[in-house]
Amino acid sequence: MTEPGSRAPAAQRLPFAVGARICALGARVDARKTEPAARYTDGTLIADMASAHRFVTDPALRSVLKDNQGIGTERTRAAIIEKCLADGLLRRQGKHLLSTPAAREVHARLDAAIKSPEISAKWELALAMVAEGRATAEQFMDKQEAFVRDLVRRAVQADFSGCALARKAS
């Protein structure tokens, strides 16, 4: 379907005008149940980390993640999962990985900028600029430091007081 005022070819245009009254010839209700998303296993989570580009809408950032095989490296992806297990953010139920209440609380409170795989793509682009000589390593690190300082400032201002992970750390 095309938006009003768009320049779609005549063959793709609907045969009525915006605001025109139309009649439906019929309708039906399909009795179905929604299915919950499949639970992650180590393998499926690692696969999604490797194909993180699928979760990014910006075409340029998506391309960067695709070209760099996602977030992390083959070696670090499993280590990230193990660290989340050790820190109580994930737990195992058979072969499945489940998020803990603490993980869900932290996720809800974290800044959106740090939760998106887009941040990895942005860092990769900045590192490529350093590699190409269009920026210095010092400029890259200065931007990283400013980003982290701002993130920490916002985290300090956020209310983590009821968070299970904050209670565990104190």
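The values are calculated or read from the model by the stated rules, or taken from the named source; none is laboratory data. None of the values given here were measured: they were computed from a predicted structure. Cβ placement follows ideal geometry from the backbone for every residue including glycine, while neighbour counts extend to all protein chains displayed.
If you filter the range 48-96 down to residues that are among the basic types (Lys, Arg) and over 21 Å from HIS107 (Cα atoms), you find that the one that is surrounded by the most Cβ atoms within 10 Å (Cβ to Cβ) is ARG62. Set side by side, the residues ALA86, ALA52, ALA78, ALA113 differ, and just one is in contact with a helix residue (DSSP H, G or I) (Cβ under 9 Å, 6 or more places away or on another chain), farther than 23 Å from PHE147 by Cβ and of a type in the set (A, V, I, L, M), which is ALA78.
Looking only at residues of the range 106-140 that are within 23 Å of the chain's Cα centre (by Cα) and assigned to a loop (DSSP other than H, G, I, E, B), we find that the one that is surrounded by the fewest Cβ atoms within 10 Å (Cβ to Cβ) is ASP111. Just so you know, in the range 92-138 the residues that are charged (D, E, K, R) and within 23 Å of PRO59 (Cβ to Cβ) include one that is modelled with the lowest pLDDT, and it is LYS115.
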